[in-house]
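Trainee: Sharing a structure below in structure tokens format, with a few things to ask.
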Protein chains: 2
Amino acid sequence: MAVFTEVTDDALAAFLDEYDIGGMVAFRGIAEGVQNSNYSLRTTEADFILTLYEERVDLDDLPWFIGLMEHLAQHGVTCPLPVRGRDGVALRHLAGRKAAITTFLPGVWPRRVRQEHCAPLGAALAQLHIAGQGYAASRHNSLGPDGWGPLLAKSIGGADEVNPGLGDELSTALPKILAAWPTNLPVGHIHADLFPDNVFFLGGQLSGLIDFYFAATDLLAYDVAVCLNAWCFEADGSFNITKGQALLGGYNRVRQMQKAELAALPVLCQGAAMRFALTRLYDWVNTPPGAFVTRKDPMDYVRRLRFHLHANSETDYGG
Amino acid sequence: MAVFTEVTDDALAAFLDEYDIGGMVAFRGIAEGVQNSNYSLRTTEADFILTLYEERVDLDDLPWFIGLMEHLAQHGVTCPLPVRGRDGVALRHLAGRKAAITTFLPGVWPRRVRQEHCAPLGAALAQLHIAGQGYAASRHNSLGPDGWGPLLAKSIGGADEVNPGLGDELSTALPKILAAWPTNLPVGHIHADLFPDNVFFLGGQLSGLIDFYFAATDLLAYDVAVCLNAWCFEADGSFNITKGQALLGGYNRVRQMQKAELAALPVLCQGAAMRFALTRLYDWVNTPPGAFVTRKDPMDYVRRLRFHLHANSETDYGG
């Protein structure tokens, strides 16, 4: 659920007065998203998304996120373009929150991933990586490898309640992953959370990428590993190598992965599975009963982790 | 949060093929609403709302609700118009649920009620009551007076946890309200849940009424009492008689309330406060921790009930 902060109509009217985007027509909360409050905003001129940034986002990094989206949109990535007010400022204040208006993207995110989605997804990810090259600022990935140890420490107390032995399992796997973590692969700006609900399709074509609030500067191939985790496993937990081939093929047609990047896929996939297992475990352990957000099962990613720990090379992913 | 049921894109595409409303452009879950799953649906032709009916709605009564909305929309009420498929059927099936597409209404619901909202609201309610006259079918109000005793019985076990003494307070008030309940007032189709989040405004005008899934055939003046409860109390619990005057004035300009209806306002308001106190209490007691919906504080309506129990006549409401 994604309306944590309510906006009064008079505050909204005053806020819109700071923009030159037409008069209000409609304003509805959007159900998708768990980090921020998102509203669909229609004016007499166009459709927009109004986002109020909640605590889960790194508020200090909002200018970086906004700047990245502007840069990507200007370099051919179909992503939300932050809209500037009359004074040229895109990041503003509303209802006690930092807030921004972005353009609306048409399309529907795939509730059920099909093979046909995976090549366009890979290609769009590669385009994002290339388009991001000119954006000079960098952002440390706080949910990257050096964040996983602290996350595990804060969650391990509740791990065995989720699944007996889970604390040991993660504690054993983490140091092995960190020890094998590659250091000499190409770095750039990555989305870092390109799950199906952040990718829109329309008429069989990929029509947009959204939600850049986990984006960071990190190994490009790690972003590929996140997508292999998020797009190529079936509901029964099995890896669909046809989807993996399509994803890697789509990526490589736009940006050819280096041999070292391909060779690192098993450990990068292990790390990506660890990252989502840990944040889900953290949320599971630390979400108070009755809270607004639905907790996601950490075991979905623990099972992916087990698969990746047995992978030998990129060929296990269709590479 | 109002997406309880996810719709796969292929199921959605097949569903839309049954309509003649253009091709898909966008599809987003809507945050508002607690009964059903609502999606904002844009096609190449227009905007619509897709609703999947969940268990909280009386599913057997869906044809009645759909018929009422059609009737009201055809008689000048700006409410969602159910859209029929190519076969003429409006109530269909999707993702294991009954489902319907309705037209999209522009506007924004008032997060903070101002006095200027209350006269248009009263007038729109009266128009709804008049427009409903020609709809022949009737629907028993399952959340009307004869439903309150059973609701209290199912919730009283947890009442004192919400507020010490609350069980006794409600048990004492309910029989008095039922004994004084009027029987000879005008009956018609009522909205029965016309809270601010079900009323849109645009440019200072009321632009639409939504969410008819509590509508029923009952005392028209009871609907007025529901609105006095929902629109005319301030956050501190005080009744704003200026808002009450505006609401009743707006109503009376369109449909003049009878003397007997006005005289019954205190007990009707007591009943309306009891109804919402009881459903909120029921939800509070019966909503499992971690559930998807936010529980609303029953005490907001218990405090209103206390006010109404001390009201002497319609003049206490601005009538």
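Trainee: Let me have the relative contact order for segment B:9-103, percent, based on Cα pairs under 8 Å that are six or more residues apart.
Mentor: It comes to 26 percent, rounded to a whole number.
Trainee: Kindly provide log₁₀ I(q)/I(0) values, in the same order as q = 0.12, 0.16 Å⁻¹, from the Debye equation applied to equal alpha-carbon scatterers of segment A:96-247.
Mentor: -0.64, -1.07
Trainee: Now a separate question. Enter the mean number of other protein chain beta carbons within 10 Å of the beta carbon of each residue in B:109-116, as an integer.
Mentor: 3
Trainee: Please average, across the residues of A:124-133, the number of beta carbons from any other chain that are within 10 Å of each residue's own beta carbon, and give a whole number.
Mentor: The mean count of partner-chain Cβ atoms within 10 Å per residue comes to 0.
Trainee: Rg (Å, one decimal) plus Dmax (Å, integer) for the alpha carbons of segment B:189-259?
Mentor: Here Rg and the maximum Cα pair distance are 12.5, 34 Å.
Trainee: Hey, another quick one. Please go through the residue pairs A:LYS98/A:LYS154; B:LYS154/B:LYS296; B:LYS259/B:LYS296; A:LYS154/A:LYS296; A:LYS296/B:LYS98 and name each one whose alpha carbons sit more than 25 Å apart in this structure. Numbers along the way, then the final one.
Mentor: Values: A:LYS98/A:LYS154 28 Å; B:LYS154/B:LYS296 17 Å; B:LYS259/B:LYS296 35 Å; A:LYS154/A:LYS296 17 Å; A:LYS296/B:LYS98 27 Å.
From A:LYS98/A:LYS154; B:LYS154/B:LYS296; B:LYS259/B:LYS296; A:LYS154/A:LYS296; A:LYS296/B:LYS98, over 25 Å: A:LYS98/A:LYS154; B:LYS259/B:LYS296; A:LYS296/B:LYS98.
Trainee: Could I ask something else about it? Based on a Kirkwood Rh over C-alpha pairs, give the Stokes-Einstein translational diffusion coefficient of segment A:83-130 at 10 °C and viscosity 1.306 mPa s in µm²/s.
Mentor: On the way: Rh = 14.1 Å.
For the chosen part, D equals 112 µm²/s.
Trainee: Choose one of B:VAL224, B:ALA90, B:SER155: the residue whose Cα lies farthest towards the positive end of the charge dipole of chain B (beta-carbon charges +1 Lys, Arg; -1 Asp, Glu; about the Cα centre).
Mentor: Positive-most Cα among the choices belongs to B:VAL224.
Trainee: Moving to a separate point now. By average Cβ neighbour count within 10 Å, what is the ranking of A:176-183, A:121-128, A:106-113 from highest down?
Mentor: Working: A:176-183: 13.8, A:121-128: 24.0, A:106-113: 18.9.
Ranking the peptides A:176-183, A:121-128, A:106-113 by packing returns A:121-128, A:106-113, A:176-183.
Trainee: Considering every residue in B:21-30, what mean count of other chain Cβ atoms within 10 Å of its Cβ is obtained?
Mentor: Working: counts 0, 0, 2, 6, 6, 11, 7, 12, 8, 7.
If you average over the peptide's residues, the count of other-chain Cβ atoms is 6.
Trainee: Additional query: So for segment B:55-168, averaging the separation of alpha carbon pairs under 8 Å that are six or more residues apart and normalising by length, what relative contact order in percent results?
Mentor: Numbers: 72 pairs, mean separation 25.2, N = 114.
Normalised by residue count, the contact order of segment B:55-168 is 22 percent.
Trainee: Suppose we keep just the DSSP beta bridges with both residues in chain A; what percent of those would be antiparallel, to 5? Could you put the intermediate results ahead of the total?
Mentor: Numbers: 32 of 33 bridges.
Bridges in chain A that DSSP calls antiparallel: roughly 95 percent.
Trainee: Starting at 0 and stepping by 20 Å, how many percent of the alpha carbon pairs of the protein assembly as shown end up in each bin?
Mentor: In whole percents, the pair-distance histogram is 18, 46, 29, 7, 0.
Trainee: May I pose another question? In a Gaussian network model over chain B where Cα atoms closer than 10 Å are linked, find which of B:HIS93, B:HIS117, B:HIS191 has the largest mean-square fluctuation.
Mentor: B:HIS93
Trainee: Any idea what the relative contact order of segment B:115-317 is, in percent, if you count C-alpha pairs under 8 Å spaced at least 6 apart?
Mentor: Relative contact order, segment B:115-317: 30 percent.
Trainee: Rounded to the nearest 20 debye, what is the charge dipole size of the protein assembly as shown about its Cα centre when +1 sits on each Lys and Arg Cβ and -1 on each Asp and Glu Cβ?
Mentor: On the way: 50 positive and 70 negative charges, 43 e Å.
The dipole magnitude comes to about 200 debye.
Trainee: So which residue, out of B:LEU247, B:LEU262, B:LEU194, gets the largest mean-square fluctuation from a GNM of chain B using Cα contacts under 10 Å as springs?
Mentor: Taking springs between Cα atoms under 10 Å, the residue moving most is B:LEU262.
Trainee: How big is chain B by the Kirkwood estimate over distinct Cα pairs, in Å?
Mentor: The Cα-based Kirkwood calculation yields 20.4 Å.
Trainee: Counting only helical runs of four or more DSSP H residues, what would the 222 nm mean residue ellipticity of chain A come to if each run contributes -39,500 (n - 2.57) and the total is spread over all its residues? Please report the intermediate quantities before stating the final value.
Mentor: Numbers: 11 runs with 131 residues, N = 319.
Mean residue ellipticity at 222 nm (helix-derived): -12500 deg cm²/dmol.
Trainee: Quote the charge dipole size of segment B:1-138 about the Cα centre in Debye, to the nearest 20; the model charges only the Cβ of Lys and Arg (+1) and of Asp and Glu (-1).
Mentor: Here segment B:1-138 has a charge dipole of around 500 debye.
Trainee: Also, quick follow-up: Which of rounded, prolate or oblate describes segment A:28-147 when judged by the alpha-carbon gyration tensor and an a/c cut-off of 1.5?
Mentor: rounded
Trainee: So, in Å, what gap is there between the alpha-carbon centers of segment A:19-40 and segment B:57-104?
Mentor: 26 Å
Trainee: Shifting gears a bit: Using the C-alpha gyration tensor of segment A:110-182, what are the square roots of 5 times its eigenvalues, in whole angstrom, with the largest one first?
Mentor: Rounded to whole Å, the semi-axes are 32, 21, 12.
Trainee: Let me ask something additional. Say R0 is 25 Å: what FRET efficiency, to the nearest 0.05, do A:ASP87 and B:ARG111 get from their beta-carbon distance?
Mentor: 0.45
Quick note: the coordinates plus some simple rules give every number you see, no bench work behind them. In this text the structure is predicted, and so the values were computed from the model without any measurement. Here the Cβ is made from the backbone with ideal geometry for all residues, glycine too, and neighbour counts use every protein chain on show.
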